[in-house]
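What follows is a short report on a single structure.
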Amino acid sequence: MTLVKAPPDRLYGRVKGKKLRPRQEWLLAEFLPRVAWPENQFAIAQELWLEVGFGGGEHAHALAEANPGINLIAAEVFETGICSLLSRLAPEDVADPVPPANLRLFTDDARPLLRALPDAALAKLFLMFPDPWPKARHAKRRFVHPALIAEAARALRPGGEWRIASDDPTYQAWTDETLAAQTHFAVTRSTERPAGWPPTRYEAKAIKAGRQPVYWSLVRR
Ligand SMILES: C[S@@+](CC[C@H](N)C(=O)[O-])C[C@H]1O[C@@H](n2cnc3c(N)ncnc32)[C@H](O)[C@@H]1O
């Protein structure tokens, strides 16, 4: 097997958005500490799922609500996105919001988190519409990368699934090429969102703008 050197864990996307409103400040200061991973462990030990780059959090929230029998760690670094998921969990009109038992937020780079997981710890991994970094000289910034594929394969259990979606033609071609060169996963590719995959905000924007998403399901051999 060829060993691929992993690119450095450096974040290039935006981490801070617009100035936060008082409600968002409250969510970060008061509610996040109640749902932050790893400070808050899951109430029950059950199979573990990980979403990388949850954006506005609609996908992570839908997964956690539809699947009470799993534990989901949702990772995001963009502050406005983190506030958006927190506001789903703690709506302003609910006086005493109760943190969900099976959803935790990791508000840092998902790559070291993935590497820190024990072998075969994950049953599912989600990478929905990652930042495409379409310029060739930025290819090392892409989450889909031979080194990351080996790391995801290590962290997923046999039979576990990695779901990837992208609307960017360069990223789609890159993903096809990278997946064709690996043997850890059996790959299914579709231009229709498969049943059971919640929609995402970024996907809706892409479709509205006339871009065709591609969805890959990778099953760990
Ligand atoms: C294009 S957005 C898509 C968001 C969402 N998945 C959707 O489909 O609407 C990609 C997100 O990934 C986040 N992101 C990028 N690299 C990350 C990393 N290493 N760890 C955690 N989040 C990351 C970015 O902050 C950004 O919000």
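Can you work out the FRET efficiency for the pair R193 and E25, with r the C-beta to C-beta distance and R0 = 30 Å, to the nearest 0.05? The partial results should precede the final answer.
Working: r = 35 Å, r/R0 = 1.17.
Computed FRET efficiency for R193 and E25: 0.30.
Considering only C-alpha atoms, what is the centroid distance from the stretch 149-221 to the stretch 7-22, in Å?
24 Å
For an R0 of 45 angstrom, estimate the FRET efficiency from the Cβ-Cβ distance between E39 and K5 and round to the nearest 0.05. Intermediate values should be presented prior to the final figure.
Details: r = 32 Å, r/R0 = 0.72.
Calculated transfer efficiency: 0.90.
Once the piece of chain linking A62 and T170 is laid out straight, how much longer is it, given 0.36 nm per residue of separation minus the C-alpha distance between them? Walk me through the numbers before you get to the answer.
Working: separation 108, 0.36 × 108 = 38.88 nm, distance 2.86 nm.
Separation in residues times 0.36 nm, less the Cα-Cα distance, equals 36.0 nm.
Size of the dipole of the chain about the Cα centre, Lys and Arg at +1 and Asp and Glu at -1 on the beta carbon, nothing else charged, in debye to 20?
Details: 30 positive and 25 negative charges, 165 e Å.
For the chain, the charge dipole is close to 800 debye.
Within straight cross-link reach of K205, meaning Cα distance under 29 Å, which lysines are found once same-chain residues fewer than 8 apart are removed?
Cross-link targets: K16, K18, K19, K124, K135, K140.
I need the phi-derived Karplus couplings for the stretch 113-125: 6.51 cos²θ - 1.76 cosθ + 1.60, θ = phi - 60°, integer Hz, Gly and Pro marked x.
Couplings: 4, 4, 5, 7, 6, x, 3, 6, 6, 9, 9, 8, 9 Hz.
Mind pulling up the Rg/Rh value for the chain? Radius of gyration and Kirkwood radius, both on Cα.
0.95
List every residue whose amide H lies under 5 Å from the amide H of A36, counting only residues 5 or more places away in sequence or on a different chain, with H placed 1.01 Å from N in the peptide plane.
Sorted by chain and number, the residues that satisfy this are L105.
Scale the Cα Rg of the stretch 154-221 by the rule-of-thumb value 2.2 N^0.38 Å and send over the ratio, two decimals.
Working: Rg = 12.7 Å, N = 68, 2.2 N^0.38 = 10.9 Å.
Cα-based Rg divided by the globular estimate yields 1.16.
Report the one residue of Q46, G69, L89 whose Cα lies farthest in the direction of the positive end of the charge dipole of the stretch 11-115 (charges on C-beta: Lys and Arg +1, Asp and Glu -1; origin at the Cα centre).
L89
Based on the Cα gyration tensor of the stretch 12-86, what are the three equivalent ellipsoid semi-axes, each the root of five times an eigenvalue, rounded to whole Å and given largest first?
On the way: eigenvalues 104, 39, 23 Å².
After scaling each eigenvalue by five and taking roots: 23, 14, 11 Å.
Read-outs: derived from the displayed coordinates by stated rules, not from any lab. None of these values were measured; they are calculated from a predicted model. Cβ sites come from the backbone with ideal geometry, for glycine too, and all protein chains shown count toward neighbours.
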